[in-house]
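*Asks:* One structure is given below, represented as structure tokens, and several questions about it will come after.
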Amino acid sequence: MDSMTLWKISWAIGLVVVLIVAVLLLLILAAARRIDKGAAAIWQAGKEIASNTVSIWMLQKTNVVAGEILSVAQGIAAGAGAIDAKLASLAGGKK
């Protein structure tokens with residue numbers, strides 16, 4: 001083989017290698033774009049979940065306050081019942 005033939009073969013092999021590398025890089029770029037789109041969708045879903053559940057932590061505090069209100073209301077109801085019973089007994093004594 002003469003040097004010109006070797007030169008042409010080297011160029012052809014180099015061109016094939018460059019084309020294969022270019023195709024692989026394009027495939028990697030396409031995969032990276034798909035991953036980026038998937039990550040963006042996950043990020044958006046996470047933000048929506050966070051905005052929908054931001055007030056859930058307040059429910060525990062609300063339950064505690066509601067329990068305190070119930071306790072006070074039961075005390076008021078018991079006091080009102082005692083007043084009612086006293087008034088009924090006083091009204092019964094006047095008859």
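*Asks:* Might you report the magnitude of the Cβ-based charge dipole of the chain about its Cα centre, with Lys and Arg at +1 and Asp and Glu at -1, to the nearest 20 debye?
*Replies:* Values: 9 positive and 5 negative charges, 96 e Å.
The calculated dipole for the chain is roughly 460 debye.
*Asks:* Follow-up question, since we're still on this one. As I understand it, the value is the acute angle between the Cα axis of helix 57-94 and the longest principal axis of the Cα atoms of the chain; what does it come to in degrees, rounded to 10?
*Replies:* Here the helix axis deviates by roughly 10 degrees.
*Asks:* Counting only Cα, what are the radius of gyration and maximum Cα-Cα distance Dmax of the chain, in Å?
*Replies:* 41.0, 138
*Asks:* Can you give the angle from 0 to 90° between the axis of helix 3-53 and the longest principal axis of the chain, with both taken from C-alpha atoms, to the nearest 10?
*Replies:* It is inclined by approximately 10 degrees.
*Asks:* If I model a spin label as a point 7 Å beyond the Cα along the Cα-Cβ vector, how far apart are those points for Ala85 and Val72 in nm?
*Replies:* Modelled inter-label distance: 2.5 nm.
*Asks:* Which value, in Å to one decimal place, does the Kirkwood hydrodynamic radius take for the stretch 55-95 when every pair of different Cα atoms is included?
*Replies:* For the stretch 55-95, the Kirkwood estimate is 12.4 Å.
*Asks:* Putting +1 on Lys and Arg Cβ atoms and -1 on Asp and Glu Cβ atoms, find which of Gly14, Ala30, Ala40 reaches farthest to the positive end of the dipole of the stretch 1-54.
*Replies:* Ala40
*Asks:* In Å, what Rg and Dmax follow from the Cα atoms of the stretch 1-54?
*Replies:* 23.2, 77
Laboratory data are not the source of any read-out in this text; all were calculated from the coordinates shown. For clarity, every value in this text was computed on a predicted model and none was experimentally measured. No Cβ is skipped: glycine too gets one built from the backbone with ideal geometry, and neighbour counts run over all protein chains shown.
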